[in-house]
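The block underneath contains the structure these notes are about, expressed in structure tokens.
The values are calculated or read from the model by the stated rules, or taken from the named source; none is laboratory data. What you see is a predicted model; the values in this text were computed from it and never measured. Cβ coordinates were reconstructed from backbone atoms using ideal geometry, including for glycine residues, and neighbour counts include every protein chain displayed.
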Amino acid sequence: DAGVIQSPRHEVTEMGQEVTLRCKPISGHNSLFWYRQTMMRGLELLIYFNNNVPIDDSGMPEDRFSAKMPNASFSTLKIQPSEPRDSAVYFCASSPDVRGTQFFGPGTRLTVL
Amino acid sequence: KNEVEQSPQNLTAQEGEFITINCSYSVGISALHWLQQHPGGGIVSLFMLSSGKKKHGRLIATINIQEKHSSLHITASHPRDSAVYICARNTGNQFYFGTGTSLTVIP
């Protein structure tokens, strides 16, 4: 298995632009997690899905952030409009179930100028 | 409010030393996770435990539910163990992360 796949690996955009981050979980995993990591705040859980349904999105910082999981093999995290303070590394992880061991993707490094 | 406290924040050890990283939390948990983040940024899940002790190679994780405390031990440390180790607690639908312990093992 290729593991969790994220794209793009790096994204540089200008303030105000829409950004879409993509994640393909490990096949057969039922849970998918989106995290954000910054120097100031460390690792934070943004939202997670179980069986394609959002379970907890209390970590989503504001309405500019949205996440979808249209099917078991694909999820997106969208920021619209983006702001410089959104610059961070965004990780996607999947696990067989919500409380199982999580497997992390390589992350997307987002820079908003 | 960070509900997961790790210590130490930074740790430097000589190759071969026994290393302990501590994690304390304030409320009951469903599970506690130990993650390893390499200098290149990749994150690997090391352990997920809710009681007792788990061992994988030179790594051992223990948890004391009553004391709300977990430890990660590394025996015979090696320079390739140099990384940031992050503790995270899972309670219901919530996940909270410690700020990490940066470990450097010197040859």
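Given the structure, is B:Arg80 at negative phi and either outside any strand (DSSP E or B) or more than 14 Å from every other protein chain (Cβ to nearest Cβ) (or both)? Walk me through how you get there before you give the answer.
Working: at negative phi: yes; either outside any strand (DSSP E or B) or more than 14 Å from every other protein chain (Cβ to nearest Cβ) (or both): yes.
It is true that B:Arg80 is at negative phi and either outside any strand (DSSP E or B) or more than 14 Å from every other protein chain (Cβ to nearest Cβ) (or both).
Within the range B:1-32, the set of residues being surrounded by 14 or more Cβ atoms within 10 Å (Cβ to Cβ), among the charged types (D, E, K, R) and either within 13 Å of the chain's Cα centre (by Cα) or modelled with pLDDT of 95 or more (or both) comprises B:Glu5, B:Glu17. Could you grab me the full set of residues in the range A:40-58 that are exposed (fewer than 13 other Cβ atoms within 10 Å of the Cβ) and among the aromatic types (Phe, Trp, Tyr)? None; the set is empty.
From the list A:Ser94, A:Ser66, A:Ser75, the one residue that fits, being free of Cβ contacts under 8 Å to residues at least 24 places away in the same chain, in a strand (DSSP E or B) and small (Gly, Ala, Ser), is A:Ser66. The listed residues are A:Pro61, A:Pro81, and the only one of them that is surrounded by fewer than 20 Cβ atoms within 10 Å (Cβ to Cβ), at pLDDT 95 or above and assigned to a loop (DSSP other than H, G, I, E, B) turns out to be A:Pro81.
Among the residues of this structure, B:Leu46 does not count as one that is more than 26 Å from A:Tyr48 (Cα to Cα) and either surrounded by 18 or more Cβ atoms within 10 Å (Cβ to Cβ) or in contact with a Leu (Cβ under 7 Å, 6 or more places away or on another chain) (or both).
Would you check which residues across the range B:30-45 are in a loop (DSSP other than H, G, I, E, B) and either at the interface with chain A (Cβ under 8 Å from one of its Cβ atoms) or of a type in the set (Gly, Ala, Ser) (or both) and list them? Outline the logic, then answer.
Within the range B:30-45, the subset in a loop (DSSP other than H, G, I, E, B) is B:30, B:38-42.
Hits for the range B:30-45 are B:Ser30, B:Gly40, B:Gly41, B:Gly42.
Given the criteria farther than 21 Å from B:Ile86 by Cα, within 11 Å of chain B (Cβ to nearest Cβ) and not basic (Lys, Arg), does A:Asn71 qualify? No: the conditions fail for A:Asn71.
Take the conditions touching a strand residue (DSSP E or B) at 6+ places or on another chain (Cβ under 8 Å), among the hydrophobic types (A, V, I, L, M, F, W, C), in a loop (DSSP other than H, G, I, E, B) and away from every other protein chain (no Cβ under 14 Å) and apply them to B:Val105. Does it pass? Break it down into steps so the answer makes sense when it comes.
Values: touching a strand residue (DSSP E or B) at 6+ places or on another chain (Cβ under 8 Å): yes; among the hydrophobic types (A, V, I, L, M, F, W, C): yes; in a loop (DSSP other than H, G, I, E, B): no; away from every other protein chain (no Cβ under 14 Å): yes.
Considered against the rule, which asks whether it is touching a strand residue (DSSP E or B) at 6+ places or on another chain (Cβ under 8 Å), among the hydrophobic types (A, V, I, L, M, F, W, C), in a loop (DSSP other than H, G, I, E, B) and away from every other protein chain (no Cβ under 14 Å), B:Val105 comes out as no.
For the range B:83-95: of the residues being part of a strand (DSSP E or B) and more than 8 Å from chain A (Cβ to nearest Cβ), which is modelled with the lowest pLDDT? Going through the qualifying residues, I end up with B:Thr91.
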